[in-house]
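Presented below is the structure to which this report refers.
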Amino acid sequence: MSGSLSGRGSLAGRTALVTGGSRGIGRAIALAFAREGANVAICHRDDTSAEKVIEELRAAGAHAIEIVADVSREDPVLAMFAEIAETFGTLDVAVSNAGILREAPLLETSAADFDAVVAVNLRGSFLVCREAARMMLARPETAPAGRIITISSDLAFLGREEMSAYSASKGGIVSLTRSLARELAPRILVNAIAPGPVDTDMTSAETMSAEALAKDLATPLARLARPEEIADLAVFLAGDGSSFVTGQCYGANGGSAMY
Ligand SMILES: NC(=O)c1ccc[n+]([C@@H]2O[C@H](COP(=O)([O-])OP(=O)(O)OC[C@H]3O[C@@H](n4cnc5c(N)ncnc54)[C@H](O)[C@@H]3O)[C@@H](O)[C@H]2O)c1
């Protein structure tokens, strides 16, 4: 394992990848990992905010790199893992967080729109999980192999009018997670987080209608989560305290879905 600068924290000496780490939930997870001592690679589509995040990660003591890669495309994902291998040598934790939301009535959703959402959210998760597993399993069998964390959504369970492609892609992530947890056991633990509404660009007026946001706020806790409240769960799933946890889907959702 490559050493962090701080040498302290529950993830000290570990290396993590967070896709979609340039803002929102991914940024919060990357920062929380860095504060726990991990070195971190973040990947994003093409965000100017990434540079600032890299500064924040380094200020927290992490060796941090950013990689621009479209997770829906195989070649950039392969290149991303090659860069991680070259920079860090090993990978302990992979968080497949990159995602997009499209809100549209079914009858106005083209096959291309559907494919675009599924390509980033589900195909992207498949590609990132596969390559993370390949890198983790290449370790000697005597070493702990790693942790994979996927990011689903409460809508995987609730469904949502005018968000069918998104909800379906997030449901697919839960099934992917469960299958990989079985296949990669016992060396890699694979779990999902299914957030409820979180205060990020995804829930801003540019991406989400006021009607959809109102539905999101109709939860027992009746508020948006801070991204850090999702990151806390990711730290748990990446660390030693979750060593007997695999194939689970955690709803950090303010009570929107209960299971
Ligand atoms: N915000 C919410 O309310 C909420 C709720 C449930 C689940 N989620 C999920 O959490 C994850 C993060 O969401 P967020 O709210 O932080 O979103 P966000 O829009 O703030 O950030 C999305 C991140 O994904 C990256 N990204 C988008 N498309 C990409 C691609 N093709 N390749 C690589 N990176 C790409 C962006 O660069 C960015 O870093 C998503 O999977 C989202 O579906 C969000």
message: Treating only the Cα positions of the chain as identical point scatterers, give the base-10 log of I(q)/I(0) from the Debye formula at each q in 0.12, 0.14, 0.15, 0.16 Å⁻¹.
response: -0.64, -0.89, -1.03, -1.17
field: Whole-percent carbon and sulfur share, accessible surface of segment 107-153, 1.4 Å
entry: 63 percent
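Given R₀ = 41 Å, what would the calculated FRET efficiency be for GLU51 paired with GLU183, taking r from the Cβ atoms and rounding to 0.05? Don't jump to the answer; show the numbers that get you there.
Details: r = 37 Å, r/R0 = 0.91.
Rounded to the nearest 0.05, the efficiency is 0.65.
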- request: Tell me which residues come under 5 Å, amide H to amide H, from ILE65 once H is placed; ignore anything under 5 positions away on its chain.
  value: VAL40, ALA41, ILE42
Under the Karplus curve 6.51 cos²θ - 1.76 cosθ + 1.60, θ = phi - 60°, whole-Hz ³J(HN,Hα) for segment 241-248, x wherever Gly or Pro sits: x, 10, 5, 10, 10, 8, x, 9
query: With r defined as the distance between the Cβ atoms of MET258 and SER10 and R0 fixed at 35 Å, what FRET efficiency is calculated, to the nearest 0.05?
result: 0.80
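What percent antiparallel are the DSSP beta bridges of segment 15-249, to the nearest 5? Please report the intermediate quantities before stating the final value.
Working: 0 of 25 bridges.
Bridges in segment 15-249 that DSSP calls antiparallel: roughly 0 percent.
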- request: For LEU217 paired with SER204, estimate the spin-label separation in nm (one decimal), with each label point 7 Å from Cα along the Cα-to-Cβ line.
  value: 1.8 nm
Extension gain, ARG139 back to VAL245 (0.36 nm per residue minus Cα-Cα distance, nm): 36.1 nm
field: Amide H partners (placed H, <5 Å) of VAL95, local residues excluded
entry: LEU17, VAL18, THR19, ILE149
- prompt: Ordered by residue, what ³J(HN,Hα) values in Hz, to whole numbers, does segment 94-111 give under the Karplus form 6.51 cos²θ - 1.76 cosθ + 1.60, where θ = phi - 60° and Gly and Pro are x?
  reply: 10, 10, 8, 10, 4, x, 10, 10, 10, 10, 6, x, 3, 5, 10, 9, 7, 4
task: Run the numbers on the chain and let me know its relative contact order in percent, using alpha-carbon pairs under 8 Å that are six or more apart.
output: 19 percent
- prompt: What residues qualify as long-range amide H neighbours of CYS249, i.e. H under 5 Å apart, gap of 5 or more or another chain, H built at 1.01 Å from N?
  reply: ALA192
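The values are calculated or read from the model by the stated rules, or taken from the named source; none is laboratory data. Treat the numbers as computed from the prediction; the structure is a model and nothing was measured. Cβ: placed from backbone, ideal geometry, glycine included. Neighbour counts: every protein chain shown. Heads up: the accessible areas ignore ligands, DNA and RNA and are worked out on the full protein's heavy atoms, side chains in. Shrake-Rupley method; radii C 1.70, N 1.55, O 1.52, S 1.80 Å.
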